[in-house]
Amino acid sequence: MSRAERLFDLLQILRHHRRPVSGATLAREAGISLRTLYRDIASLQAMGAQIEGEPGLGYVLKPGFLLPPLMFSPEEIEALALGLKWVGQRTDEGMGQAARNAMAKVAAVLPADLRERLEDDAMVVGPGWERPQAVDLALLRRALDEGRKLSLSYADEKGARTVRIVWPTTLGFFESTRVLVAWCELRQNFRHFRADRIETAEILPERLPRPRRQLMKEWQQTLLPESDSGMRYSVSRSHHTRETPT
C-alpha cells in the first residue's frame, strides 16, 4: 500500500468515528504502528484536514477541507508541477509562496515514482520580464476578493497622471506585464491598467455596484470582434486585448 492510499484510508476511518477515538484504536483499525499513526495524523493536519486531538486524548475529524485521493497520471503530474512553478515565479510573493506550499503538500502524499516526476526539472519556467511595481499585487487581489472599489493614481504611457475610481474585474498575468481590468468611473468604460504604471492604490469601503462575475461577463463581451456594445476595445490576431486611444 502506498503512503497516499494509507493516508486516505486513515481519513475514511476517522470519518466513521463521530467522537474522539484513541490513537491505539486508530492504529489497530488502520493496520499500522502507533508511531506511524502519529506521523500520518501530522501529515493530514498539514494538508488541511481538520483533525483535533493529541496523543493520549484521542482524535476526531471535524468538517472542513479534505484532500481527495491523488490519482494523477504522469502527464497530469508534469502539468501540475509546471503550473505551480509558473505561479511560484511569475505572480506576487504571497501567491508564489502559496504555490510552493501546495507543491510540498502534493509531493508529501504521492508515491515515490510520481513524486520524482513532480520534482523533475525536465521542464522549467524561464525568467520573465520583470518591471518595478509600486503597488503590491496582493492588494489588488484583495480588492478583487472583497468586491470593493479601488482608488488608483495611474500614469499612462506618456507619463500623464490621473486619479481613477475603478471597479476591479480581473487581474491578468502575461509574460511581460500584469494588467488590472476594471470599470473606470472617469471613462465610464472598461480599461486595462498596467500594474507597473499604478503608482498608488487604496481599497475603498464601497462595494462594487454589480457582482464581479457580472462585470467579468460584461468585459468579455467587449472583447468580441463583432460586438455591437460600443465598447472601445479590439482584439488583435494574437487574442491580446488593447485599449483604443481616447
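Quick note: the coordinates plus some simple rules give every number you see, no bench work behind them. Please read all numbers here as calculations on a predicted model, not as lab measurements. No Cβ is skipped: glycine too gets one built from the backbone with ideal geometry, and neighbour counts run over all protein chains shown.
Using alpha carbons only, what's the Rg to Rh ratio of segment 85-157 with Rh from Kirkwood? Present the calculation step by step, with values, prior to reporting the outcome.
Values: Rg = 16.8 Å, Rh = 15.1 Å.
Rg/Rh for segment 85-157 comes to 1.11.
Taking square-rooted eigenvalues a ≥ b ≥ c of the alpha carbon gyration tensor, is the chain rounded, prolate or oblate, where a/c under 1.5 means rounded and, failing that, a/b exceeding b/c means prolate?
On the way: a/c = 2.85, a/b = 2.18, b/c = 1.31.
Prolate shape, in that a/c is at least 1.5 and a/b is the bigger ratio.
For Val124 and Glu206, FRET efficiency with R0 = 35 Å and r from the beta-carbon atoms, rounded to 0.05? Display every interim value, and only then the final one.
Working: r = 43 Å, r/R0 = 1.24.
E(calc), rounded to 0.05, equals 0.20.
Using mean Cβ contacts within 10 Å as the protection proxy, how do 2-11, 169-178 order, highest first? Kindly include the intermediate steps, with their values, before the conclusion.
On the way: 2-11: 18.1, 169-178: 15.2.
Most protected by this proxy first, the peptides run 2-11, 169-178.
Calculate the all-directions average of the projected area of segment 74-119's alpha-carbon convex hull, and give it in nm².
Here the figure is 2.7 nm², rounded to one decimal.
Sorted by average packing, counted as other Cβ atoms within 10 angstrom per residue and highest first, what order do 40-49, 72-81 take?
On the way: 40-49: 16.7, 72-81: 14.8.
Listed from highest to lowest mean packing, they are 40-49, 72-81.
Could you compute the net charge surrounding Phe72? Neighbours are other residues with a C-beta less than 12 Å from the C-beta of Phe72; K and R count +1, D and E count -1.
Numbers: positive: Arg115, Arg117; negative: Glu75, Glu76, Glu78, Asp113.
Summing Lys/Arg as +1 and Asp/Glu as -1 gives -2.
Counting only other residues whose beta carbon sits under 12 Å from that of Arg142, what net charge do I get with K and R as +1, D and E as -1?
Numbers: positive: Arg141, Arg148; negative: Asp92, Asp136, Asp145, Glu146, Glu202.
Summing Lys and Arg as +1 and Asp and Glu as -1 gives -3.
Quickly work out the Ala46-to-Thr25 label distance, labels modelled 7 Å from Cα along the C-beta direction, and quote it in nm with one decimal.
It is 2.8 nm.
What nm distance separates the two modelled labels at Met216 and His16, each placed 7 Å from Cα along Cα→Cβ?
Placing both labels 7 Å beyond Cα along the Cβ direction yields 4.1 nm.
Using only the Cα atoms of segment 145-202, what are the Rg and Dmax in Å?
Answer for segment 145-202, Rg first and Dmax second: 10.8, 32 Å.
Convert each backbone phi in segment 143-159 into a coupling constant with the Karplus relation 6.51 cos²θ - 1.76 cosθ + 1.60 (shift: θ = phi - 60°), then list the ³J(HN,Hα) values in order as whole Hz, x for Gly and Pro.
Here the 3J(HN,Hα) series is 4, 5, 5, 8, x, 10, 6, 10, 9, 10, 9, 10, 10, 7, 5, 8, x Hz.
For Pro55, what is the net charge nearby, where nearby means another residue's Cβ is under 12 Å from its Cβ and Lys, Arg count +1, Asp, Glu -1? Write out the running numbers ahead of the final one.
Working: positive: Arg35, Arg39; negative: Glu54.
Net charge around Pro55: +1.
Could you give the angle, 0 to 90 degrees to the nearest 10, between helix 3-15's Cα long axis and the longest principal axis of the Cα atoms of the chain?
Between the helix axis and the principal axis of the chain, the angle is about 80 degrees.
Given the -39500 (n - 2.57) contribution per DSSP H run of 4+ residues, what per-residue ellipticity at 222 nm results for the chain, rounded to the nearest 500 deg cm²/dmol? Could the numbers behind the result be given before it?
Numbers: 8 runs with 97 residues, N = 246.
Mean residue ellipticity, 222 nm, calculated: -12500 deg cm²/dmol.
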